[in-house]
1. Which numbered condition in (1) touching a Gly at 6+ places or on another chain (Cβ under 7 Å); (2) of a type in the set (G, A, S); (3) in contact (Cβ under 8 Å) with a residue 40 or more places away in the chain is the only one that G114 fails?
2. Kindly establish whether S127 is among the small types (G, A, S), surrounded by 14 or more Cβ atoms within 10 Å (Cβ to Cβ) and modelled with pLDDT under 90.
3. Any residue at all in the stretch 66-77 that's open to solvent by less than 80 Å² (accessible area, probe 1.4 Å) and within 15 Å of the chain's Cα centre (by Cα)?
4. Residues in the stretch 84-93: is at least one more than 30 Å from G123 (Cβ to Cβ) and of a type in the set (D, E, K, R)?
5. Any residue in the stretch 124-151 that is on the phi < 0 side of the Ramachandran plot and part of a loop (DSSP other than H, G, I, E, B) sitting within a Cβ distance under 7 Å of a residue that is among the charged types (D, E, K, R) and modelled with pLDDT under 60? List the pairs, counting only those 6 or more apart or interchain.
6. Would you confirm whether any residue within the stretch 91-102 is modelled with pLDDT of 90 or more and in contact with an Asp or Glu (Cβ under 9 Å, 6 or more places away or on another chain)?
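The values are calculated or read from the model by the stated rules, or taken from the named source; none is laboratory data. Quick caveat, the model's predicted, so the values are computed rather than measured. Backbone-built Cβ (ideal geometry, glycine too); neighbour counts: all protein chains shown. SASA here: full protein model, heavy atoms, side chains in, ligands and nucleic acids out. Shrake-Rupley method; radii C 1.70, N 1.55, O 1.52, S 1.80 Å.
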Amino acid sequence: GTLNLNITEGKINKVLITGHEKTKEYIIERNIMTEPDTVYNENIVKQDLVRLYSTQAFKDVNRTIEVSEDDPEKFDITIELKEQRTASVSIGGGVDSATGAFGSVGISDNNFRGRNQRVSLMGLIGSGILMSDASIKSHMNYQAELSFFEPHFLNADNSLMSKVYYRDL
């Protein structure tokens, strides 16, 4: 009556990434800390999935674990991604005490060039006419803003946000 049990640590053979089309693979890989030939750690994998989801480039992030075909004592992790639309267009208008009747238009992309960069361009034109006041009637209001955000400036854990704007009020 001897019972022998062999216990092996679940080592990772490889990490596969599927489902991305726009986002560059190196952008995804820099958010994954789980590496091949390490012991599987559910907490680290969950943190990887949270990091990927927080890039706002994906609407769904999942993982599957399967026994490796190459080595039955190791496991393959597949990270399944579903990208979401990251570009948006906005059009608006109204009446404001400073600009009078105005119209605005904007465009933005939260995954510019698939590199998780954020770019936006916004413009606003106001008539300057408010209740037929002749002092502001002759001067229209113009505003424009271009902004750019790089989450990993110079491939480091630093970010860069820059804005260029024009205002004629």
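1. Failed condition: (1).
2. yes
3. Within the stretch 66-77, not a single residue is open to solvent by less than 80 Å² (accessible area, probe 1.4 Å) and within 15 Å of the chain's Cα centre (by Cα).
4. Let us first name the residues in the stretch 84-93 that are more than 30 Å from G123 (Cβ to Cβ), namely none.
So far as the stretch 84-93 goes, no, none of its residues is more than 30 Å from G123 (Cβ to Cβ) and of a type in the set (D, E, K, R).
5. I129/K137
6. No, that holds for no residue.
A quick yes/no check of all residues on (1) within 17 Å of E150 (Cα to Cα); (2) of a type in the set (A, V, I, L, M); (3) in contact with a helix residue (DSSP H, G or I) (Cβ under 7 Å, 6 or more places away or on another chain):
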| site | (1), (2), (3) |
| --- | --- |
| K24 | yes, no, no |
| I32 | no, yes, yes |
| S54 | yes, no, no |
| F75 | no, no, no |
| S90 | no, no, no |
| G94 | no, no, no |
| A101 | no, yes, no |
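Residues checked against (1) surrounded by 15 or more Cβ atoms within 10 Å (Cβ to Cβ); (2) under 13 Å from the mean Cα position of the chain (by Cα); (3) part of a loop (DSSP other than H, G, I, E, B):
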position: N43; (1), (2), (3): no, no, no
position: L49; (1), (2), (3): yes, no, no
position: K82; (1), (2), (3): no, yes, no
position: S90; (1), (2), (3): no, no, no
